[in-house]
Structure formats: structure tokens, C-alpha cells
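Worksheet: the structure to be examined is printed underneath.
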Amino acid sequence: MTLRTHSPDRDRGRGRDRNRRPARPALLAVLAAGAVLLSGCSASDSGHDRSSGTSQEGGRRTHGGNPAPGPAQGSPGTADRADATAEGEDDGRRTAAPPADYLSTFALDVDTASWGYARRTLADGNLPDPATVRPEEFVNSFRQDYRQPDGNGFSVTVDGARTDAAGWSLMRVGLATRTGLGQDRRPPAALTFVVDISGSMAEPGRLDLVRKSLDLMTDRLRGDDSVAIVAFSEKAETRLPMTRLDGNRRRVHDVVDRLRPTDSTNVEAGVTRGYDTAVEGRRAGATNRVVLLSDALANTGTTSADALLERIDGARRDHGITLFGVGVGSDYNDSFMERLVDKGDGHTVYVSDEEEARRVFCDELPAQVELRARDAKAQVSFDPRNVERFRLIGYDNRRVADDSFRDDSVDGGEVGPGHTVTALYAVRLRPGASGHVATATVRWLDPGGRAPHEESGRVEASALTGGSWEQAAPRFQVAVAAAYLASSLRERGGGWEAVPGAVGLGRLSEVTARLAERTEDPEVRQLSEAVRQARRLLG
């Protein structure tokens, strides 16, 4: 996502519909996500105190008794808010309730495809297209240390640190769900794999990686899980109807092994046939998903996502079938795939090699067979007595109108077990700020009964004005470093303002090298290497 600076006047009341967002590298994410969902591997190693209580809509109170932010009158959560003076202020620093311009609302996002594709592009010696760089997907690609909640739903952690830019701090809003039931206790899965076998998939690292991933998934799934396989190029064909794996694994492997690249790419035909197959083979009580594996380089049939959105949305609404995208290849249609997956309430990942496919399918995504929350949104209420300006870093096409936060008909994000979601804000405090700075509230619906719940966390000025971000906890530093790398890569596109306090790539390289050594985390080492490569390419 881009980090554009929006003026409050221009953004007030805009509230972009998430179904109309520009597409992202969703396709890649879908593939990875789908494989992970199906694999039964265990997950990789993976605030504020909360008291029990019940959310109260009328009183605007949440678990733990903290006041939740009330809905604003039409502000969508602008990227950069400045000095809105609230009616009723008696000294410029006191107000009974935050004005609209001091609210920021967005749908949760657990996509990581932007980071995966950027990392692969840098490793190949090229700079990623700035339009494909979404800072929140960089940040959310790295493990965080948030506590898990005691039950279903979310924990909320809010903290921060100073930047090098005078007066600016970074505030981290961290949300986490507890881990899943495990491979033996999760619901069965009914997965329809829609596989691109067009000519562009002949490139090494595309269809061959898809076949390896599907074979891996077939061996990892339980016997009571079911799979179907649809292949598409110029036309689409159901190669395997919905089939239980118990006693049929060899049959599935044979179908996968016969997948070969052919002609042009008709994504419309593939997705349409895939959803027809998924609806026909739908299993009650199971997790029903379509998993799209492709580079999304459509050149035949309907090459605009618009024609497919209604079909995808109808299957989600009428049958509970969601769409996951896994992207492959050195080139892919980022925007096309993102729109498809977003409409299908899906998740996107990018897979560039077999090692990464194993990590994604076995360590990160198996939990996606379950859900912890539907239509999850976050709203951050800043205290105008202490906050002069703030900017949400990324989430540009996840923005939700502030007054839609508690409107449960407005689409949010779907989040599975063991997920963490991080939102970074650049915050400029007023001189002499003390006390309360912000309250972050997450709202979600139960996956089954769709009952609404909320949870909140707070942060004080002292947390944002103490040590610098390089003195903060290692995982906080990793999140900031990922955002600063995205800032450097995105800034090349023009028309976009860098994240306040962003450091040069030379210094960032030193910081990430220390973090890689300190955390002994292979993914942080990948971040360090990506920073080094970006520094070399950018000069």
C-alpha cells in the first residue's frame, strides 16, 4: 500500500469501500495461504491488562472498562491529520470527546505478498515497482511478541518510541489471536485448487513450484479433508472433482503430476469453473475455500477483475466459500489478484522457492482452516489535548469510514488463529504532552454466531517520549525497520511523503544486521539482506 498524505478536508467522509480497492499481489498470497491451510504442520515459534467484562454498545465501553472511541461523523481515518480544533475546547488542549479528525479506522489485514515479492525482486538484482510496495505487509511479515488472549478474540498492545525527527514518535498497535486447535482438532477442509497452467507458468519457479506445493499439501492433509483441482489456460477444466483424501492420495498426486503449461491465461474461466466446482462439492461443517495459484497475468477472456467480483462475492455470501491467493513467478499482476482475493474475504502470500513454500504451507498458514474473527476492524482514538498530528503508515486500501466502525454490515478482515496484526502510526505530540495519548479498539464478529465483540488498549505520552526506537525491544525495532525499508522503496514512486524519522539505508543496514544477530531469526536475516540489496541498488 502506498503512504499518501491525505488532507482532512479531502478525506472527510470518504470511507473507501474495501470491495473497490485496487488489487494487490493477492494471487501469490492466495496460493501460499491455501497450501498452508491444507497442510497440517505446526506453526513456527511464534500490553495492557484486561479484566473480564461485556461490550456495551450504548455505553461505548469495552472489555476492561475503558471507554471505546465513539463513531465519528464521517471521517475515514486520514493518513495525516493536523490540529483539528474541537468545538467546546476551553484552552486549545481540553475537549469532552475527540473530534472526527482524531479518529483512525481500518479493516485488519494479514496479507504478506508485497514483502515476499519485493524480497524476491531485490534478490534478483532489481527494485520492486513502488506501486507494489505496501508498508503494512512488510511490517506484518515478521513475528511479534504480543501476548495471546485467554480466549477467542484479540489481545491489544499499544506502545511506542521516539524517532530522529523532532517531535515525532512511532506508536505500535499490536493485535493478536490465540493459537488454533491443532491439526487433529480443527474442522475438516474442502479445498478447490484453481491452478494456472498457461504458457507464462512454464518459467522455472512457477508451475513446477505449484506442483511441489500441491504434492506437499496432499501428504499433509487429513484423511477426512477433501480437495478438488481445476486447471485453466485458454479454457478451464475440472481435473478432479471434490474428493476425500482417505484412500485417494495417489489419485490426487497423479492429477498434480499431469499439470503442464499450455496456452494463454484466462483467469475468468479458471475462477468461474473453480467456484462452480467448489459450490457443487461444498461440505457442510467444513471449511470451504477456493485456492487460486497463478501469476495472474491474464491475457484472454475478461482481463478486468470487475466481471468476477460478483461471482466471488455471491459464493462467499451464500455458501461461505472464501478465496485464498498464492502468487508465484518473477512477474505477476499485482492489482488484478488483490481485487479478487479481497472480494473473497481472502488472504494473500507470495512464494518464490520450495523452502519458502514449505515454510508458508507448514509453519504459517495451516491455521487458516479455522477462523478466530470475521469482519475485524480497528479504530484508534487520539487525544487532541496531547496529539498535534498523526499518520497511519500503510493500510491505504483498508481504510473504513469512522462512523462505520460499529456497522457490522461493513466488510472488515478475516483473521485466523495465532495471527498478529501490527499498525504503526507516526505521532507528533504537543509540547509538554503528558497522560493519555490514544486508545486502540478492535471490533470483530464471532465466526459462527456473528456476535460482536470489542477489546481495547491505551498508551500514555511517556511511552512515546522515552527512548528512541533503536533502544526499544527487538521486535519493535524489526517492525520499524520493515516500515522504513518500505518507505525507501515506495518513495521512488513520487507523490508520496516518507515516514517521519526514516533513516538512510546505510544506517538501517547496520540496525538490521544487529537485529538479525540478536534475534537469531532467519526472517530478520532476510530483512537485513533485503536492506543491503536495496542500498546497493539505490546507490
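The values are calculated or read from the model by the stated rules, or taken from the named source; none is laboratory data. Given the structure is predicted, the values throughout are model-derived calculations rather than measurements. Don't worry about glycine lacking a Cβ; one is built from the backbone with ideal geometry, like all the others, and counts go over all protein chains shown. Ligands, DNA and RNA are excluded from the accessible area calculation, which covers all protein heavy atoms including side chains. Shrake-Rupley method; radii C 1.70, N 1.55, O 1.52, S 1.80 Å.
Quick notes on this structure:
- Assessment of segment 276-287 against the conditions (of a type in the set (Val, Ile, Thr) and out of contact with any helix residue (DSSP H, G or I) (no Cβ under 8 Å at 6 or more places or on another chain)) yields at least one matching residue.
- Consider segment 142-169 and keep the residues that are basic (Lys, Arg) and in contact with a Gly (Cβ under 9 Å, 6 or more places away or on another chain). The one that is nearest to residue 530 (Cα to Cα) is 162.
- Single unsatisfied condition, residue 268 versus (1) open to solvent by less than 40 Å² (accessible area, probe 1.4 Å); (2) more than 30 Å from residue 484 (Cβ to Cβ): (1)
- Residue pairs meeting the criteria (Cβ under 7 Å; at least 6 apart or on separate chains; first over 13 Å from residue 358 (Cα atoms), in segment 207-221; second open to solvent by 10 Å² or more (accessible area, probe 1.4 Å)): 207/261; 221/40
- Boolean, residue 481 is crowded, with 22+ Cβ neighbours inside 10 Å and farther than 21 Å from residue 171 by Cα: no
- Any hit, segment 182-200, residues being in a helix (DSSP H, G or I) and open to solvent by 20 Å² or more (accessible area, probe 1.4 Å): yes
- Test for residue 496: is it surrounded by fewer than 21 Cβ atoms within 10 Å (Cβ to Cβ) and of a type in the set (Phe, Trp, Tyr): yes
- Residues within segment 187-224 that are farther than 21 Å from residue 297 by Cβ and in contact with a Gly (Cβ under 9 Å, 6 or more places away or on another chain), tallied: 10
- Residue within segment 403-410 that is open to solvent by less than 10 Å² (accessible area, probe 1.4 Å), on the phi < 0 side of the Ramachandran plot, in contact with a Leu (Cβ under 7 Å, 6 or more places away or on another chain) and modelled with pLDDT of 95 or more present: no
- Helices (runs of 4 or more DSSP H) completely within segment 438-539 that count 3 or more residues being more than 25 Å from residue 104 (Cα to Cα): 505-519, 522-538
- Number of residues in segment 382-398 that are open to solvent by less than 10 Å² (accessible area, probe 1.4 Å) and part of a strand (DSSP E or B) equals 5.
- The set of residues from segment 217-239 being open to solvent by less than 10 Å² (accessible area, probe 1.4 Å), out of contact with any Asp or Glu (no Cβ under 9 Å at 6 or more places or on another chain) and within 25 Å of residue 202 (Cα to Cα) comprises 217, 218, 227, 229.
Residue-by-condition table, conditions (1) under 30 Å from residue 286 (Cβ atoms); (2) in contact with a His (Cβ under 9 Å, 6 or more places away or on another chain):
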residue	(1), (2)
392	no, no
412	yes, no
444	yes, yes
456	no, yes
460	no, yes
463	no, no
471	no, no
477	no, no
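- Neighbours by Cβ (under 7 Å, 6+ apart or cross-chain): first from segment 443-454, closer than 10 Å to residue 375 by Cβ; second at pLDDT 95 or above and basic (Lys, Arg): 443/377; 443/406; 452/443
- Summed over segment 447-464, residues that are open to solvent by 50 Å² or more (accessible area, probe 1.4 Å) and modelled with pLDDT under 95 total 3.
- Take the conditions (1) at pLDDT 95 or above; (2) open to solvent by less than 30 Å² (accessible area, probe 1.4 Å); residue 111 misses just one of them, which is (1).
- Selection status of residue 341, modelled with pLDDT under 85 and not charged (D, E, K, R): yes
- Pairs linking a residue in segment 323-334 that is buried (at least 24 other Cβ atoms within 10 Å of the Cβ) to a residue that is among the polar types (S, T, N, Q) and modelled with pLDDT under 85, with Cβ atoms under 6 Å and 6 or more positions apart or on different chains, are 325/348.
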